[in-house]
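Have a look at the structure below, then the notes.
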Amino acid sequence: LQDDDHLTISLAASSTYEFSLRIFNTTVSATAGFKMALSGTVGVTSLKAQLLIWDDTTNTLAGFARVTALGSAVGAGLGAGDNYAEIKGTIETSTAGTLLLQWAQNVADAVNGTTVQRNSVFTLQKI
């Protein structure tokens, strides 16, 4: 998994947030698929997040997991073309830091690329 350079947000210490990531992605080959996780430098007191990956070729939910720790990944094989993933959850922080998306191909495929598209969105609201 690699850190995404754009889908990252800074969080304050001793705070609670609700967050959402809407991730538009493209896979050139059905072999590669898509894998994602939350990561960052923020100190976590509590994390509850649902990670969902949809295969837009077959209109099915291809991968999902509820996670309670940074670095917990979910991946799925997907049809070639445009697909969608989503992460929603809440986080309580102990120390300030960043929260970010990590992603990669679910199965390494050096020939066929996987891309997170422009206009993917990371939103955050303090609660």
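The values are calculated or read from the model by the stated rules, or taken from the named source; none is laboratory data. Since the structure is predicted, the reported quantities are computational estimates derived from the model, not experimental observations. In this analysis, Cβ positions are derived from the backbone assuming ideal geometry, glycine residues included, and neighbour counts consider all displayed protein chains.
Scanning segment 55-104 for residues that are under 14 Å from the mean Cα position of the chain (by Cα), surrounded by fewer than 20 Cβ atoms within 10 Å (Cβ to Cβ) and within 20 Å of residue 30 (Cβ to Cβ) yields 64, 73, 84, 104.
Where residues in segment 72-107 are touching a residue at least 60 places away in the same chain (Cβ under 8 Å) and assigned to a loop (DSSP other than H, G, I, E, B), which of them is farthest from residue 9 (Cα to Cα)? Among residues in segment 72-107 that are touching a residue at least 60 places away in the same chain (Cβ under 8 Å) and assigned to a loop (DSSP other than H, G, I, E, B), the one farthest from residue 9 (Cα to Cα) is 107.
Just to be sure before I move on: is residue 35 modelled with pLDDT of 95 or more, surrounded by 15 or more Cβ atoms within 10 Å (Cβ to Cβ) and among the basic types (Lys, Arg) in the structure I sent? For residue 35, the condition - modelled with pLDDT of 95 or more, surrounded by 15 or more Cβ atoms within 10 Å (Cβ to Cβ) and among the basic types (Lys, Arg) - is met. All of 110, 30 fail the test of being free of Cβ contacts under 8 Å to residues at least 40 places away in the same chain and either in a loop (DSSP other than H, G, I, E, B) or loosely packed, with under 15 Cβ neighbours inside 10 Å (or both), apart from 110.
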